[in-house]
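**Q** This is the structure I have questions about; it appears just below.
The values are calculated or read from the model by the stated rules, or taken from the named source; none is laboratory data. The shown structure was predicted, so the numbers you read here are calculated from the model rather than taken from an experiment. No Cβ is skipped: glycine too gets one built from the backbone with ideal geometry, and neighbour counts run over all protein chains shown. Accessible surface is based on the protein model in full, side chains and every heavy atom, while ligands, DNA and RNA are left aside. Shrake-Rupley method; radii C 1.70, N 1.55, O 1.52, S 1.80 Å.
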Amino acid sequence: MPPPADIVKVAIEWPDAFPKLMEIDQRQERLASRRRSDVIGPSPGSHDPTWKKPLSAIIKEVCDGWSLGSHEHFALQIADATNFYITEKNRNNIKNGSILRLTTSPSLTASQLHERIQSTSMDAKLEALKDLANSSRDITFAQEFINLDGVSALTLMVETGTERYQKLQKIMNPCFGDLLSFTLTAFVELMDHGIVSWDTFSVAFIKKIVGYVNKTAMDAAVLQRSLAILESMVLNSQDLYQKVAQEITIGQLIPHLQGSDQDIQTYTIAVINALFLKAPEEKRQEMAHILAQKQLRSIILCNIIRSNQAINDEMAHQLYVLQVLTFNLLEDRMMTKMDPQDQAQRDIIFELRRIAFDVECEANGGGSMEKRKSMYTRDYKKLGFINHVNPAVDFTQIPPGMLALDNMLYFARHHQDAYIRMVLENSSREDKHECPFGRSSIELTKMLCEILRVGELRRTLGL
């Protein structure tokens, strides 16, 4: 006869002892909770299960079997790479046939590690930080370590201790990179649980982290963690965004995209995206201009998209976010109508005509006003505008608004030969075969805005 579904069979390990096979009763006491909720409604903690056999009783039974005593100092962990502690809230994760491990309790482990990381021995400190980085992934341990003001201890080590470790690097083992790497890894893991507010960190700490990012020859693991910390600071605190933005520039981040480490490249783009997301509207345009000057698109194309490495999922996501952010900078122009009475805007249309037809003879001028108007109307028809007399009217439709004119001017200025050839070829075709440059450009811009969803993803990214 198979065992009840609420009874799971497990093996529990303890160093230098044979594994202990036992059954864990996973049945819950629900009747009392239901009766009380029927009368007064559910209480704030009524969603937490109440077990017929508490975890503390199970741990006591295990400790008594090995004559360990003081069962309050012990806990159970999943015996895998995670080493996550088992609690009353997550014990449902124990499956039939699971292997568990008896170990010191989260509070005792946290207290021991808090003391060990402050050792004067560099070797002992390194081992302690390595253990801390691994243990901090578990939220149960993290809460206990944070309660001991552990995050402040780590930040203080970063702010004041790294120079001393660096001076000892040449004469002592372990090296500075490993020591700092595990310190920052533990910090990142602890902060990822969302228990401690990011607003509590000092400018001195920010300067240290930014300094690691700006160094030309920095340990890869330290650089990766530093970039991760900067991203989280910017995303989680407007005050920290302003402080980080004052300490680091886009130009200082670009070189990290030119290496071969895709993790560092991914974190670098994540920091750029975070700075974009938190920046005021006018600052985003300025950042976009800097990125264009720094040839960001070419750098990403050459060093990431066309590299020999396959693009992983996180990199693909960050590139997508960057693309959305840059496309959304076009929304204002896409939704701006042209003012037919604005001479500066009309001059752009004049330049399109000049490049296509009057590169040499425009300067000579001459002829009556009526003759010039007739010539302009003819040329605007060849350029493919709907309104031959006043083509500015063609750009009053939104979308694509002034964005279509921006694209046309860019093409005419930067690809002049192709532009002239396109206009002349289409102006000499039969009507049924024509592909008018003006109308086609406006419709193509509108189509691209729809396909690329310019302006539609602002809410998704929190813009």
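**Q** Taking the condition basic (Lys, Arg), out of contact with any Asp or Glu (no Cβ under 7 Å at 6 or more places or on another chain), at pLDDT 90 or above and surrounded by 14 or more Cβ atoms within 10 Å (Cβ to Cβ), does residue 354 pass?
**A** So residue 354 does not fit the description; no.
**Q** Name the single residue that is nearest to residue 13 (Cα to Cα) among those in region 48-59 being without any contact (Cβ under 8 Å) to a residue 24 or more places away in the chain and open to solvent by 50 Å² or more (accessible area, probe 1.4 Å).
**A** Out of the qualifying residues, it is 56.
**Q** While we're looking at this one, here's another question. When only residues in region 81-93 that are assigned to a loop (DSSP other than H, G, I, E, B) and open to solvent by 70 Å² or more (accessible area, probe 1.4 Å) count, which is farthest from residue 28 (Cα to Cα)?
**A** 81
**Q** Continuing with this model, one more query. Could you count how many residues in region 186-207 are within 20 Å of residue 147 (Cβ to Cβ) and either in a helix (DSSP H, G or I) or at pLDDT below 90 (or both)?
**A** 9
**Q** Find all pairs meeting these conditions: Cβ atoms under 6 angstrom apart; at least six residues apart or on different chains; first residue within region 277-289 and more than 18 Å from residue 320 (Cβ to Cβ); second residue crowded, with 16+ Cβ neighbours inside 10 Å and at pLDDT 90 or above.
**A** 278/234; 278/241
**Q** Here is a further query. Would you tally the residues in region 110-149 being within 12 Å of residue 85 (Cβ to Cβ), crowded, with 21+ Cβ neighbours inside 10 Å and of a type in the set (D, E, K, R)?
**A** Looking only at that region, the number is 2.
**Q** Go through 33, 46, 56 for me and flag whichever is modelled with pLDDT under 90, under 24 Å from residue 5 (Cα atoms), in contact with a helix residue (DSSP H, G or I) (Cβ under 9 Å, 6 or more places away or on another chain) and polar (S, T, N, Q).
**A** 46
**Q** With the structure loaded, tell me whether residue 455 is assigned to a loop (DSSP other than H, G, I, E, B), farther than 30 Å from residue 328 by Cβ, modelled with pLDDT under 90 and not polar (S, T, N, Q) or whether it fails that test.
**A** No, not satisfied.
**Q** Further, regarding this structure: Could you say whether any residue in region 382-401 is of a type in the set (Phe, Trp, Tyr), at pLDDT 90 or above and surrounded by 17 or more Cβ atoms within 10 Å (Cβ to Cβ)?
**A** Yes: region 382-401 contains one or more residues that are of a type in the set (Phe, Trp, Tyr), at pLDDT 90 or above and surrounded by 17 or more Cβ atoms within 10 Å (Cβ to Cβ).
**Q** Of the residues that make up region 60-76, is at least one modelled with pLDDT of 85 or more, aromatic (Phe, Trp, Tyr) and either exposed (fewer than 13 other Cβ atoms within 10 Å of the Cβ) or not in a loop (DSSP other than H, G, I, E, B) (or both)?
**A** yes
**Q** Provide a single number: the residues in region 220-241 that are more than 18 Å from residue 269 (Cα to Cα) and open to solvent by 60 Å² or more (accessible area, probe 1.4 Å).
**A** Total meeting the criteria: 2.
**Q** Out of the helices (runs of 4 or more DSSP H) lying entirely within region 268-345, which hold 2 or more residues that are modelled with pLDDT of 90 or more and either within 16 Å of the chain's Cα centre (by Cα) or surrounded by fewer than 16 Cβ atoms within 10 Å (Cβ to Cβ) (or both)?
**A** Output list reads 296-300, 313-328.
**Q** Going by the structure shown, is residue 257 open to solvent by less than 40 Å² (accessible area, probe 1.4 Å) and either closer than 25 Å to residue 312 by Cβ or not in a helix (DSSP H, G or I) (or both)?
**A** When the stated conditions are applied, residue 257 passes them.
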